[in-house]
1. Filter the stretch 51-83 for residues that are within 7 Å of the ligand (Cβ to nearest atom) and charged (D, E, K, R) and give the result.
2. Pairs under 8 Å by beta carbon, first residue on the phi < 0 side of the Ramachandran plot in the stretch 83-94, partner within 6 Å of the ligand (Cβ to nearest atom) and among the hydrophobic types (A, V, I, L, M, F, W, C), six or more apart or different chains?
3. Do the conditions hold for ARG118, that is, is it without any contact (Cβ under 8 Å) to a residue 12 or more places away in the chain and either surrounded by 12 or more Cβ atoms within 10 Å (Cβ to Cβ) or on the phi > 0 side of the Ramachandran plot (or both)?
4. Considering every residue within the stretch 21-38, establish whether at least one is modelled with pLDDT under 90, within 9 Å of the ligand (Cβ to nearest atom) and surrounded by 11 or more Cβ atoms within 10 Å (Cβ to Cβ).
5. Taking the options ALA98, ALA114, name whichever one is hydrophobic (A, V, I, L, M, F, W, C) and away from the ligand (no atom under 11 Å from the Cβ).
6. Between a first residue in the stretch 28-40 that is farther than 18 Å from MET90 by Cβ and a second residue that is among the acidic types (Asp, Glu) and more than 10 Å from the ligand (Cβ to nearest atom), which pairs have beta carbons less than 7 Å apart while being 6 or more apart in sequence or on different chains?
7. Could you check the stretch 53-73 and list, in sequence order, the residues that are aliphatic (A, V, I, L, M) and in contact (Cβ under 8 Å) with a residue 24 or more places away in the chain?
Amino acid sequence: MKQIALSGAMVVALTCAAAAQQGPGLTAPQREGQRLFTQHCGVCHLKILINVPAPNGPALSNKVFENGAEASVKARIADGSPNMPGYKLMFEPAQIDAIVDYLKTVNPPPPPAAPVRR
Ligand code: HEC
């Protein structure tokens, strides 16, 4: 029972995390990319709750394109890494493009707040 309540809370939290990043002006492909990202990547790349440990992947934002590495970001999503699954068998290239289009709209998260001293 507790488990069911917990997973319900996670769905709500995930939805909120996605909603928080939803700019009003997302195009249809960007919205599709957001949906795919939240469903398939969020488990590692989105911090869902304040009291849940950070996921094991880095927070992703438009910063990953800073060195103009769009092709390498797409290759990373397609091929994965030793720590991340590859998605080339799961997604069409257009779906990877949509995720990349969406990530370009995501601003980096603010730096963590300083710890409170007691
Ligand atoms: C099982 C956990 C996991 C999942 C699921 C996952 N990733 Fe990752 N990802 C990682 C980890 C861990 C890294 C850190 C670098 C490394 O060791 O590969 C990473 C790195 C990345 C990077 C490189 C970031 C950088 O700074 O260069 C990109 C881009 C990326 N992931 C995109 C995605 C996308 C898009 C998806 C969903 C389609 C996804 N990941 C799903 C774990 C995951």
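1. Passing the criteria: only ARG76.
2. Qualifying pairs under 8 Å: MET84/CYS44; GLY86/ILE77; TYR87/ILE77; PHE91/ILE77; PHE91/ILE99.
3. On the way: without any contact (Cβ under 8 Å) to a residue 12 or more places away in the chain: yes; either surrounded by 12 or more Cβ atoms within 10 Å (Cβ to Cβ) or on the phi > 0 side of the Ramachandran plot (or both): no.
For ARG118, the condition - without any contact (Cβ under 8 Å) to a residue 12 or more places away in the chain and either surrounded by 12 or more Cβ atoms within 10 Å (Cβ to Cβ) or on the phi > 0 side of the Ramachandran plot (or both) - is not met.
4. Going residue by residue through the stretch 21-38, those that are modelled with pLDDT under 90 are 21-25.
Filter again for within 9 Å of the ligand (Cβ to nearest atom), leaving none.
No - not one qualifying residue is present in the stretch 21-38.
5. The match here is ALA114.
6. Close Cβ pairs (under 7 Å, with a partner that is among the acidic types (Asp, Glu) and more than 10 Å from the ligand (Cβ to nearest atom)) amount to GLN30/ASP101.
7. Residues of the stretch 53-73 that are aliphatic (A, V, I, L, M), as a first pass: 54, 59-60, 64, 69, 71, 73.
Result: ALA59, LEU60, VAL64, VAL73.
The values are calculated or read from the model by the stated rules, or taken from the named source; none is laboratory data. It should be emphasised that the depicted structure is a prediction, and the values quoted were computed from it without experimental measurement. When we count neighbours, we look across all protein chains shown, and the Cβ atoms used for this are built from the backbone with ideal geometry, even at glycine.
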